[in-house]
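Participant: Before I ask anything, let me first share the structure, which is written out below as structure tokens.
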Amino acid sequence: LARGKALRERGELENALALTQEAAKLDPDNLEAQKQLTKVSDAVLDKAEGLAADGKLRQAFELTSLVLNGAPRHPRAKRLDEKLRDQLAEQAFTKAHELAKADKLGAALAEYAACLTYRPDYPDAKLHFGRVKLDLENQLRFHVVLERFEGTGKNAAMVKGLSPKLLQQSFDERLLVAVVDKAPEDGAGVTLSGAFSDYDYTH
């Protein structure tokens, strides 16, 4: 408590809060600890509200979270937390939408994810997240263009049976690999061809 009070008076509120929360946890019936915890929590929330007013929402959210970690039912902290979550979710969603329009899909995906972290039920966020994820996967998908393989004699059956569809089935569908019979219009990918020789199979 003594260290926490000294830190609070020096303005080191985050460290003061952590020490005071620890003291209150060690001795829940200690009235002085509860009194000091109330003071330092109010000071941290005052700072958080000031940061929020200056547009520094994430820093404010981090401070509010510190208070709630020690006192999950703190009424003032809960109200501020709800307000900040709404603002941060809206901010992330707007930024994600702008990034997606600029075709910066990776950054857009991260912002949609942040929006859903703050507000899992944010309207349309899951829908947009899914669309951007799919678009990004399509951009990153590795295309293998399977050209005709060669083979004569007993190898002819293997050549005839090998197809893009058959080969695609051997890949885990979660891998961003597509085996196709012709190159994409943008020319992305790699062309694969080859020959079978000395293949033999007997019962």
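To keep it simple, each residue is scored yes or no on (1) under 30 Å from GLN87 (Cβ atoms); (2) under 33 Å from the mean Cα position of the chain (by Cα).
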residue	(1), (2)
ALA113	yes, yes
VAL132	yes, yes
ASN138	no, yes
VAL145	no, yes
PHE149	no, no
ASP198	no, no
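Participant: Among the numbered criteria (1) in contact with a Lys or Arg (Cβ under 9 Å, 6 or more places away or on another chain); (2) in a helix (DSSP H, G or I), which one does VAL179 miss?
Facilitator: (2)
Participant: Something else about it: Residue pairs, Cβ under 7 Å, 6 or more apart or interchain, first in the stretch 38-64 and without any contact (Cβ under 8 Å) to a residue 12 or more places away in the chain, second assigned to a helix (DSSP H, G or I) and open to solvent by 30 Å² or more (accessible area, probe 1.4 Å). List them.
Facilitator: Final answer for the pair search is GLN59/LEU51.
Participant: So, in the stretch 175-203, of the ones that are open to solvent by 90 Å² or more (accessible area, probe 1.4 Å) and more than 20 Å from LEU136 (Cβ to Cβ), which residue ends up modelled with the lowest pLDDT?
Facilitator: Top of the filtered list is HIS203.
Participant: Still on this model: Pairs please, first residue from the stretch 149-174 and within 9 Å of PHE196 (Cβ to Cβ) and at pLDDT below 85, second anywhere and open to solvent by 60 Å² or more (accessible area, probe 1.4 Å) and basic (Lys, Arg), Cβ atoms under 8 Å, 6+ apart in sequence or on different chains.
Facilitator: Close Cβ pairs (under 8 Å, with a partner that is open to solvent by 60 Å² or more (accessible area, probe 1.4 Å) and basic (Lys, Arg)) amount to VAL159/ARG148.
Participant: Check whether at least one residue in the stretch 120-133 is in contact with a helix residue (DSSP H, G or I) (Cβ under 8 Å, 6 or more places away or on another chain), of a type in the set (Phe, Trp, Tyr) and open to solvent by less than 90 Å² (accessible area, probe 1.4 Å), and report yes or no.
Facilitator: Looking through the stretch 120-133, at least one residue is in contact with a helix residue (DSSP H, G or I) (Cβ under 8 Å, 6 or more places away or on another chain), of a type in the set (Phe, Trp, Tyr) and open to solvent by less than 90 Å² (accessible area, probe 1.4 Å).
The values are calculated or read from the model by the stated rules, or taken from the named source; none is laboratory data. Quantities reported herein were computed from a predicted structural model and do not represent experimental measurements. In this analysis, Cβ positions are derived from the backbone assuming ideal geometry, glycine residues included, and neighbour counts consider all displayed protein chains. Just so you know, the surface numbers come from the protein's heavy atoms only, side chains and all, with ligands and any DNA or RNA stripped out. Shrake-Rupley method; radii C 1.70, N 1.55, O 1.52, S 1.80 Å.
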